1. Report the trypsin sites (Lys or Arg not before Pro) located in region 172-203 that are in a DSSP loop and have at most 12 other Cβ atoms inside 10 Å of their Cβ, or state none.
2. In which sequence would R166, R260, R127 go, from the one with the fewest C-beta neighbours within 10 Å to the one with the most?
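Each reported figure results from applying straightforward, stated rules to the coordinates on display, with no laboratory input. Bear in mind that the values here come from a model prediction, so they are computed numbers and not experimental data. Counting neighbours? That spans all protein chains shown, and the Cβs are built from the backbone with ideal geometry, glycine included.
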Amino acid sequence: MIQNYCYICNIELKDSNLSYEHIIPACLGGSLKSRDLLCVQCNSTFGEIHDKALAAIGIFYLSKYNIPKKKSLNYTFNAVEKRTKKNLIISPSWITKFKDTISVIDENNNICIEAPNKKRAMQEINRIKILYQSHNFEDIEFNEKLTPEVQDFEYEPEVYEGLILRAICKTIANYYIFKTKNKDNISKLIEYIISDNENYYCWGFNLNIALKYYGGKTYHIINIIAIKDKYMYAYFEIFGETGFIILLNARYVGPDENYRYIYDVINKTEILNADDFQIDISLSDICEIIKNKADCEWFKSLNF
Ligand SMILES: [Zn+2]
């Protein structure tokens, strides 16, 4: 058992409620995962709301760069209690043993299985049956939902903007806590992720800083920087095209920190020799970017 806490709801993570969280969402082609971040409930809730909004952007880019999607199918079923004929309430006390398969329970107590193929989904279902032998799984109904295809792409910024920014912020929170096992320095960011207030901590578009370093490669870049006893921020660029500036802490107390994750989305490998990559933004510029949505001197000074 891993001793840890869900950084959203603070519940202790045990074998019975931990879950794989994609640090960069799978809908953006991310593959790095951790079981030490979110409980199964928060993972499911935020996956449904935030990552879904981001998925519209992900589908667009994955298609644009011809990046093979993880071909996954969703199977939803519910099980009925034999004696009472009531819907079975199953505590999420399992973690799938397959790395490419995820089981979660939705708000209607349906078990949702996301698997790369039907055979793997059936293996998972059989495992659940063995765990809950006293229950009736006879009336299993499958709803096969294909991963949305590119023609479904429909970007409605006025609807999704807030959720996309929160999904971006969640990625940064994921990575920072994954690296440091500490969420104290980013408590304001976590408040923002779970709130519905309009105060942006995050903004950006067409900030392809990676172009300068990598010549337009299709990389995801996370760079989290703390300036000793001053402030902390992050730069997150997706597909080498769209960048986001995220203010993590304007009253940071602590040492200099610099965490960097550079991921080649096409070849699904981390780029490890990237020591020359460095961004450097002042607190006032960060605030200006977020407040004025990139209409600021720092943004204009990027001379690519
Ligand atoms: Zn939680």
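1. Hits after loop and neighbour filter: K181.
2. Neighbour counts put them in this order, fewest first: R127, R260, R166.
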